[in-house]
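The structure appears below as structure tokens.
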Amino acid sequence: MGLRFPANANTKLVNTNLVHSVDTIVLVTDPIDVTTDSPLVMLVWYAAVSLGLGDNALTVQLFREADASGALVNSGPMMNFTAHTTVTVTGSFTDRPGEIAGQQYSLILTAGGGLADSTVLEGCFAAIAL
């Protein structure tokens, strides 16, 4: 017997096209119930992105809720890459949303520095209550 903590992971991409310089929701977690003891939620993500012609930077943002209308949890620094290459971005962050049933998180990517759209090839976004 043991204790099971709420957790989920999602690999279904919401959007695969990153329009140049537009914040784009790429992944959304399934709802997670964090209704006891206001636990920390560890967020872990991975995305493979084919940068468009001239695009040489990515920014990752995390929001509570399934869209950008929720609270901003983290806005990472702009990461610079060689233009028109395939790159992977990974990361983790913790949040304490309070005691909430059905909490979701969204991962937003922004590609910049170029003229053409970029493409998200695959990704994963997990939320784990600690």
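Any read-out appearing in this document is the output of simple, stated calculations on the displayed coordinates, not a laboratory observation. This one's a predicted model, so the numbers in the text were calculated from it and none came from an experiment. Cβ coordinates were reconstructed from backbone atoms using ideal geometry, including for glycine residues, and neighbour counts include every protein chain displayed.
Between residue 116 and residue 85, what is the label-point separation in nm under the 7 Å Cα-to-beta-carbon projection?
Calculated label separation equals 1.7 nm.
Roughly speaking, what is the stretch gain from residue 19 to residue 78, that is 0.36 nm per residue apart minus the C-alpha to C-alpha distance, in nm to one decimal? Before the final figure, lay out the partial values.
Values: separation 59, 0.36 × 59 = 21.24 nm, distance 1.62 nm.
The span from residue 19 to residue 78 would gain 19.6 nm if fully extended.
Which distance in Å, rounded to a whole number, links the C-alpha centroids of the range 73-94 and the range 1-68?
Between the Cα centres of the range 73-94 and the range 1-68 lies a distance of 12 Å.
Counting pairs of Cα atoms in the chain, how many percent are more than 21 Å apart?
Tail fraction, whole percent: 38.
Quick one: 109, 40, 13, fewest Cβ neighbours within 10 Å first, how do they rank?
Exposure proxy ranking, most exposed first: 40, 13, 109.
For residue 44 paired with residue 101, estimate the spin-label separation in nm (one decimal), with each label point 7 Å from Cα along the Cα-to-Cβ line.
Each label point lies 7 Å from its Cα, and together they span 2.8 nm.
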